[in-house]
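The values are calculated or read from the model by the stated rules, or taken from the named source; none is laboratory data. Remember, it's a predicted structure, so these values are computed and weren't measured experimentally. All Cβ positions, glycine included, derive from the backbone under ideal geometry; neighbour counts span all protein chains shown.
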């Protein structure tokens with residue numbers, strides 16, 4: 001497996017996806033017939049990529065089961081088992097995604113075991129834990145990207161809610177003032193999420209009507225009105241007043257740890273995450289919402305919003321900081337005047353996606369190399385010690401975090 005492998009990837013046609021963004025990236029007909037929400041690159045069993053190997057397309061997850069060491073490397077197999085520990089995606093968000101959070105590793109293990117013991121099928125719509133892994137993730141904007149991420153401070157939430165909150169429900173806000181910390185926020189949020197539907201609908205509608213009058217004062221009010229147009233009477237409509245609202249510029253990124261409430265609202269982005277499918281939803285969705293489990297998972301502390309900017313690795317590569325062992329993300333910019341050289345690599349798998357231009361890749365032992373055009377992606381096996389790229393291109397690279405390989409030396 002001492003060669004680079006071209007990938008063939010699955011597009012997820014979720015209803016919130018774009019009819020143009022992924023199609024344009026891949027050079028397909030625009031607009032696409034169906035919404036295209038996510039392009040998956042990796043070995044997730046739900047939609048594994050295929051690789052061109054031995055003259056035919058083969059499922060990457062099958063190859064990993066047959067012979068993991070050349071593809072993953074000894075350190076990765078020792079740390080994560082015979083599986084690619086990250087999933088790499090392109091997200092094209094035309095309509096807002098569900099508000100959600102992901103469990104910690106201990107919570108995922110306990111939840112997966114508990115639901116297995118309860119006999120809940122992995123495919124059941126009310127299943128929360130489809131595997132026993134946590135799901136930290138990093139999102140990096142390719143276009144202007146709007147998102148919700150983490151709870152605002154209680155005093156900030158109260159300041160936004162006061163002018164739009166109906167008088168009959170003012171008592172709901174008391175704990176935000178009397179207990180101005182995570183405990184007060186938990187109490188307020190729990191009460192909101194468990195409110196009877198007969199009360200919830202008029203509350204949401206009245207907040208929206210008041211928010212319409214204040215749209216020019218804050219984008220949070222504007223987004224309340226927008227979300228109501230897509231998900232009328234859904235509790236998630238209120239989320240821009242409770243969660244940080246952020247607009248990422250191209251190249252800016254966010255890291256989302258366990259328990260961090262978030263939602264993606266609009267734009268195109270690169271996403272890399274631990275290879276898990278565990279999601280606890282909290283609104284803006286017709287799918288299952290398990291309020292009790294969501295409340296167990298959520299972190300109710302308010303943290304300053306940290307927008308990630310990459311650090312330079314040489315002249316052509318910039319790496320985004322990540323505390324997750326499963327992945328790190330970097331951006332590579334190749335210019336005609338200078339080749340990109342990977343150097344003597346740590347024995348880790350990498351996936352590279354070209355988002356602009358075209359590059360030619362050479363590696364030790366290759367006779368003619370490989371071209372990588374816009375929208376195309378490749379897998380660099382752990383067994384490949386070094387490669388070079390030339391041309392004019394912008395690429396994003398997902399890899400297992402280098403600290404894993406260093407720790408296992």
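Brief remarks follow.
- Residues that are on the phi < 0 side of the Ramachandran plot and over 19 Å from the mean Cα position of the chain (by Cα) occur at least once in segment 93-106.
- Evaluation of residue 246 against the conditions (1) farther than 16 Å from residue 147 by Cα; (2) outside any helix (DSSP H, G or I); (3) out of contact with any helix residue (DSSP H, G or I) (no Cβ under 9 Å at 6 or more places or on another chain) shows that the sole unmet condition is (1).
- Put simply, of 254, 265 the only residue that is touching a helix residue (DSSP H, G or I) at 6+ places or on another chain (Cβ under 8 Å), in a strand (DSSP E or B), outside the structural domain of residue 320 (by TED's automatic domain parsing) and crowded, with 19+ Cβ neighbours inside 10 Å is 265.
- Considering the conditions (1) crowded, with 17+ Cβ neighbours inside 10 Å; (2) in contact with a strand residue (DSSP E or B) (Cβ under 6 Å, 6 or more places away or on another chain); (3) touching a residue at least 40 places away in the same chain (Cβ under 8 Å), residue 85 is excluded by exactly one of them, (2).
- Just one of (1) assigned to a loop (DSSP other than H, G, I, E, B); (2) in the same structural domain as residue 192 (by TED's automatic domain parsing); (3) in contact with a helix residue (DSSP H, G or I) (Cβ under 9 Å, 6 or more places away or on another chain) fails for residue 217. It is (3).
Condition check ((1) buried (at least 23 other Cβ atoms within 10 Å of the Cβ); (2) outside the structural domain of residue 321 (by TED's automatic domain parsing); (3) at pLDDT 95 or above) across all residues:
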{"residue": "122", "(1), (2), (3)": "no, yes, no"}
{"residue": "125", "(1), (2), (3)": "no, yes, no"}
{"residue": "131", "(1), (2), (3)": "no, yes, no"}
{"residue": "137", "(1), (2), (3)": "yes, yes, yes"}
{"residue": "142", "(1), (2), (3)": "no, yes, yes"}
{"residue": "146", "(1), (2), (3)": "no, yes, yes"}
{"residue": "161", "(1), (2), (3)": "no, yes, yes"}
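- Considering only residues in segment 192-209 that are over 18 Å from residue 230 (Cα atoms) and surrounded by 13 or more Cβ atoms within 10 Å (Cβ to Cβ), the one that is farthest from the chain's Cα centre (by Cα) turns out to be 195.
- Count of segment 1-52 residues, restricted to those that are in contact (Cβ under 8 Å) with a residue 24 or more places away in the chain, within 16 Å of residue 270 (Cβ to Cβ) and not in a loop (DSSP other than H, G, I, E, B), is 14.
- Among residues that are in contact with a strand residue (DSSP E or B) (Cβ under 7 Å, 6 or more places away or on another chain), over 15 Å from residue 251 (Cα atoms) and not assigned by TED's automatic domain parsing to the domain that holds residue 404, residue 357 is not included.
- Segment 278-292 - residue that is out of contact with any strand residue (DSSP E or B) (no Cβ under 6 Å at 6 or more places or on another chain) and more than 28 Å from residue 144 (Cβ to Cβ) and, of those, surrounded by the fewest Cβ atoms within 10 Å (Cβ to Cβ): 292
- Test: residue in segment 149-158 that is farther than 20 Å from residue 223 by Cα and within 17 Å of the chain's Cα centre (by Cα): no
- The set of residues in segment 268-293 being outside any strand (DSSP E or B), in contact with a helix residue (DSSP H, G or I) (Cβ under 9 Å, 6 or more places away or on another chain) and in contact (Cβ under 8 Å) with a residue 40 or more places away in the chain consists of 275, 276, 278, 284, 285, 291, 293.
- For segment 57-67, the criterion of a residue being farther than 26 Å from residue 404 by Cα and free of Cβ contacts under 8 Å to residues at least 24 places away in the same chain is satisfied by at least one position.
- Of everything in segment 53-71 that is touching a strand residue (DSSP E or B) at 6+ places or on another chain (Cβ under 7 Å) and in a strand (DSSP E or B), the residue that is farthest from residue 9 (Cα to Cα) is 53.
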